[in-house]
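Remarks on the structure that follows.
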Amino acid sequence: MAARQADTLEPQFPAAAAGRPFATLWRFNRAYLPRYAAGAALALLFSLINLGFPVVVRAIIADLTSGRLTGVRVSAYFFLLLGVALFAGVARYYQRTLMIGASREFEYTLRNAYFHHILKLSARFFNRVPTGDIIARATSDMNHVRDFIGPGIMGTVDMLFLPFTLGLMLYLSPRLTLFALLPLPALTILVYVFILFMNRQSKIVQELYSEVSTRVQENLTGARVVRAYAIEDRESESFRAVSRSYRRANIVLASVMSFTWPLIDLLVGVAMLIIVYQGGRMVILGELAIADFTAFLIVTAMLAWPLVQFGWVLTLYQRGAVSINRISEILTESPEIRDSDETRRDARVSEGRIRFERVSFRYGSPGAEEGGENTPKWTLHEIDFEVPPGETLAVVGPTGSGKTTLVALLCREYDPDEGRITLDGQDIRTYPLDELRDAIGCAPQDSFVFSDTIDENIRLGRGDLDEAAVKRACDIAQLTPDLAGMPGEANTLLDERGINLSGGQKQRLTLARALMRDPKILVLDDTLSSVDTDTERAILDGLRGAMASRTCIIISHRLSAIAGADRIIVLDGGRIVERGVHDTLIRANGLYARMYERQLLEAQLEQEQ
C-alpha cells in the first residue's frame with residue numbers, strides 16, 4: 001500500500017517543494033496521518049495510564065498512614081500496579097510501531113521521489129552540483145529527515161504527558177507546583193540558545209559531509225588515474241584534511257548536545273531538591289499530607305524523562321530542519337529541459353529530417369546576454385544545415401570545435417540560446433521528450449556501461465526484445481566474436497563501469513545498444529575511435545545496410561570513417577567553416593583537406609614502424 005502511495009506521489013513532488021520544505025513534508029506525510037493520529041492517541045492513553053502509578057502509590061501511603069492497609073488491599077494494589085505497567089507497555093509498543101513504521105514509509109516515498117526528480121534534471125544541473133553532494137543529500141540528509149519525522153514526532157507526542165503531569169501536580173499541591181517550576185526560565189533560555197547553535201552547526205556538519213562524499217566519489221571513480229600517477233599519498237592527505245574538518249564540526253556539535261542534556265537533568269535535579277526541601281517543611285508543618293508529598297515526588301521524577309527527551313527532540317528537529325532544506329534545494333531545481341505548453345502529445349517523429357536553423361549555444365547560464373564581463377563564449381554559433389531522411393551527415397573538426405555539443409542539442413540535453421532545431425519540419429521542443437529520445441539512438445563519446453550482464457546492457461531494460469534482435473545488433477557492432485571468447489558470452493557479468501571490457505569493446509557495446517532501439521535517427525559520437533581500422537570498416541559496412549532508410553549523424557576524428565557520408569560539415573571555433581562531400585572538400589584544400597593529409601601521413605608512419 002505504501003509503495004503504491006509513493007509511486008503516485010513522486011511526479012507531484014517538485015511542485016510541492018517550491019521553496020516550502022515543511023509544506024512538502026506535510027504533503028508527503030498526509031498519506032500516513034491515520035497512523036500518526038493512532039500513535040498520538042496511544043501516547044495519550046499511555047500518559048493517562050502511566051499517571052495511575054503515583055495515584056495508586058498515594059492510595060497505598062494513605063492507607064498505610066491511616067492503618068487501613070490489609071493483605072487484601074496490598075494484593076489489589078499489586079495487581080493494579082501490574083495492570084498499569086502492562087497496559088502502558090502495550091500502548092507504548094503499538095505507538096512506536098505505528099509512528100516509526102510511518103516514518104520509514106515516508107522515507108521510502110521521499111527517497112524515491114528525490115531519485116525520480118534527480119533523473120529529470122537537466123545536464124546543466126549535473127555540471128554545477130557535485131555527485132558526492134547529491135549522494136550525501138540522498139543518504140545522510142534523508143536519514144535526518146526520517147528521524148525528524150519518526151522519533152521526532154513520537155517524542156513530541158510523548159510530551160502530551162506534560163499537561164497531565166502538571167494537572168496532577170496542581171491537584172496535589174498548587175504551592176509546591178509553583179516551587180517546582182522555578183527552574184523553568186533557565187530552561188527556556190537554554191533551549192533558545194541551543195536551537196540557534198544547533199541550526200548553524202548542523203548545517204556546517206551536513207555541508208562538510210557532502211564534501212567528504214564528493215571526495216570519496218571522485219577518488220573511487222578515478223582510482224586508476226590516482227594509481228597511475230602515484231598520487232595516493234596526496235589524495236589521502238587531501239581526504240584526511242576534509243575528514244578532519246568534518247570530525248571537528250561533529251565533535252563541536254556532539255559536545256554541545258552532550259552538555260545540554262545533563263544540564264536539563266541538573267535543572268530537574270534542582271527542582272527535586274526544592275520540592276524535597278519545601279515539601280518536607282510543608283509535611284512537618286501539617287500543610288501537606290505525606291501521601292500527597294510522596295505522590296508529588298513520584299510525579300516529579302516521572303517528569304524528568306520527558307524534559308530530557310525534550311533536548312533530544314530539539315536535536316532531531318534542528319538536524320532535520322537543516323536536512324529538509326538541503327533536500328529541498330535539490331527538489332526546487334526545475335528541469336530546464338522538459339515538456340511544456342508547446343509540447344504536442346500526439347507528435348511523432350516519422351521521417352527523421354533534421355534541420356538546424358541558425359543555432360547558437362554557449363555553456364553557463366541559459367539565456368546569457370553578450371557583452372558582460374563574465375559572458376561565456378559561443379560554443380556553437382549560427383549553425384545552419386539540413387539532413388534529409390535516410391542520409392548520413394558527418395561532422396568533423398578539431399578538438400573543442402563543438403561537435404559533441406551539436407549532438408547534445410539534437411538530443412535535447414540542452415536547448416539552443418538562439419535559433420531552433422526541427423525534426424520533420426517541427427520544432428523539437430514540441431515533441432514529448434520520451435518520443436524525441438526514443439526516436440534517436442545515440443552512442444555517446446563516453447561509453448558508459450552498468451554493472452550488469454552484457455545482454456542487459458545491450459537491452460537496457462528492454463526485456464521485450466527477442467534474442468534475434470540482440471544478435472543482429474551485436475553482429476553489426478562486430479561484438480559477436482568478442483562475446484564468443486567470454487565465459488558467459490552475452491550473460492557475462494560486467495564489473496563496475498565495465499572494467500573487464502576494453503575501450504573498443506565498450507564502444508561497440510554502446511553501439512549495439514543504440515541499434516537495439518531501432519531508431520529513426522542514429523547518432524555516433526566518435527564511437528569508433530578505439531576500434532582498429534578493419535573492425536571500423538566492417539562496422540560501417542553493416543551500418544550502411546541497417547540504417548539505409550534512417551538518418552545518421554557520425555562524429556569522428558578519423559576521417560576514413562566518414563569518407564562515404566552523403567554530406568560533411570567541418571566545424572572550427574563553433575562555426576561551420578566547410579561543407580560538402582569528401583572529394584569536394586579534398587579539392588577545396590581547406591581545413592578538411594589538411595586534416596585528411598595529416599592522418600594519411602600518420603598512417604604511413606605507423607606502417608613504416
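The values are calculated or read from the model by the stated rules, or taken from the named source; none is laboratory data. Computed from a predicted model, the values in this text were never measured in an experiment. Positions of Cβ are backbone-derived with ideal geometry, glycine not excepted, and every protein chain shown enters the neighbour counts. Accessible surface is based on the protein model in full, side chains and every heavy atom, while ligands, DNA and RNA are left aside. Shrake-Rupley method; radii C 1.70, N 1.55, O 1.52, S 1.80 Å.
Screening residue 279 on (1) open to solvent by 20 Å² or more (accessible area, probe 1.4 Å); (2) small (Gly, Ala, Ser); (3) over 17 Å from residue 159 (Cβ atoms) shows it passes everything except condition (1). The residues on offer are 359, 349, 387, and the sole one that is surrounded by 13 or more Cβ atoms within 10 Å (Cβ to Cβ), at pLDDT below 85 and of a type in the set (Val, Ile, Thr) is 349. On the given criteria, is residue 342 modelled with pLDDT of 80 or more, part of a loop (DSSP other than H, G, I, E, B) and farther than 21 Å from residue 119 by Cα? No; evaluated as a whole, the condition is false for this residue.
Summed over region 102-133, residues that are in a helix (DSSP H, G or I), touching a residue at least 60 places away in the same chain (Cβ under 8 Å), of a type outside the set (S, T, N, Q) and closer than 23 Å to residue 408 by Cα total 7.
Checked against (1) surrounded by fewer than 16 Cβ atoms within 10 Å (Cβ to Cβ); (2) in contact with an Asp or Glu (Cβ under 9 Å, 6 or more places away or on another chain), residue 549 meets all criteria but (2).
Okay, residues lined up against (1) over 30 Å from residue 59 (Cα atoms); (2) of a type outside the set (A, V, I, L, M, F, W, C); (3) over 22 Å from the mean Cα position of the chain (by Cα):
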position	(1), (2), (3)
81	no, no, yes
104	yes, yes, no
107	yes, yes, no
119	yes, no, no
130	yes, yes, no
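Reported count of residues in region 258-268, each being open to solvent by 30 Å² or more (accessible area, probe 1.4 Å) and touching a residue at least 12 places away in the same chain (Cβ under 8 Å), is 4. When region 442-491 is filtered for residues that are closer than 30 Å to residue 399 by Cα and of a type in the set (D, E, K, R), only 446 remains.
Counting residues in region 193-213 that are without any contact (Cβ under 8 Å) to a residue 12 or more places away in the chain and among the hydroxyl-bearing types (Ser, Thr, Tyr) gives zero.
Quick one: count up the residues across region 165-198 that are part of a helix (DSSP H, G or I) and open to solvent by 70 Å² or more (accessible area, probe 1.4 Å). If you could, list the steps in order and put the result at the bottom.
Taking region 165-198 and keeping what is part of a helix (DSSP H, G or I), we get 165-172, 174-180, 184-198.
Filter again for open to solvent by 70 Å² or more (accessible area, probe 1.4 Å), leaving 170-171, 174-175, 178, 184-185, 188-189, 192-193, 196.
Residues in region 165-198 being part of a helix (DSSP H, G or I) and open to solvent by 70 Å² or more (accessible area, probe 1.4 Å): 12 in total.
Only one entry in 541, 534, 572, 526 is at pLDDT below 85, charged (D, E, K, R) and buried (at least 16 other Cβ atoms within 10 Å of the Cβ), namely 526. Taken over region 108-128, the criterion of being among the basic types (Lys, Arg) and either touching a Gly at 6+ places or on another chain (Cβ under 6 Å) or open to solvent by 30 Å² or more (accessible area, probe 1.4 Å) (or both) is satisfied by 111, 120, 128. Looking across region 282-333 at every residue that is touching a residue at least 12 places away in the same chain (Cβ under 8 Å) and aromatic (Phe, Trp, Tyr), the one that is surrounded by the fewest Cβ atoms within 10 Å (Cβ to Cβ) is identified as 312. Number of residues in region 407-454 that are β-branched (Val, Ile, Thr), touching a residue at least 40 places away in the same chain (Cβ under 8 Å) and over 28 Å from residue 477 (Cα atoms): the value is 3. Does region 550-557 contain at least one residue that is touching a residue at least 60 places away in the same chain (Cβ under 8 Å), among the aliphatic types (A, V, I, L, M) and farther than 21 Å from residue 600 by Cα? Yes, the conditions are met somewhere in region 550-557.
The sole residue among 59, 91 that is among the hydrophobic types (A, V, I, L, M, F, W, C) and free of Cβ contacts under 8 Å to residues at least 60 places away in the same chain is 91.
Give the residues of region 17-72 that are among the small types (Gly, Ala, Ser) and surrounded by 19 or more Cβ atoms within 10 Å (Cβ to Cβ), sorted by residue number. First the steps, then the outcome.
Let us first name the residues in region 17-72 that are among the small types (Gly, Ala, Ser), namely 17-19, 23, 31, 37-41, 43, 47, 52, 59, 62, 66-67, 71.
Within region 17-72, 17, 31, 39, 40, 43, 47 meet the criteria.
As a summary of the residue check, residue 122 satisfies the conditions (1) touching a helix residue (DSSP H, G or I) at 6+ places or on another chain (Cβ under 9 Å); (2) modelled with pLDDT under 85 except for the one numbered (1).
Remark: residue 236 matches the filter, which requires a residue to be open to solvent by 40 Å² or more (accessible area, probe 1.4 Å), over 21 Å from residue 317 (Cβ atoms) and of a type in the set (Ser, Thr, Tyr). Scanning region 247-298 for residues that are of a type in the set (Val, Ile, Thr) and over 56 Å from the mean Cα position of the chain (by Cα) turns up 283, 284, 290.
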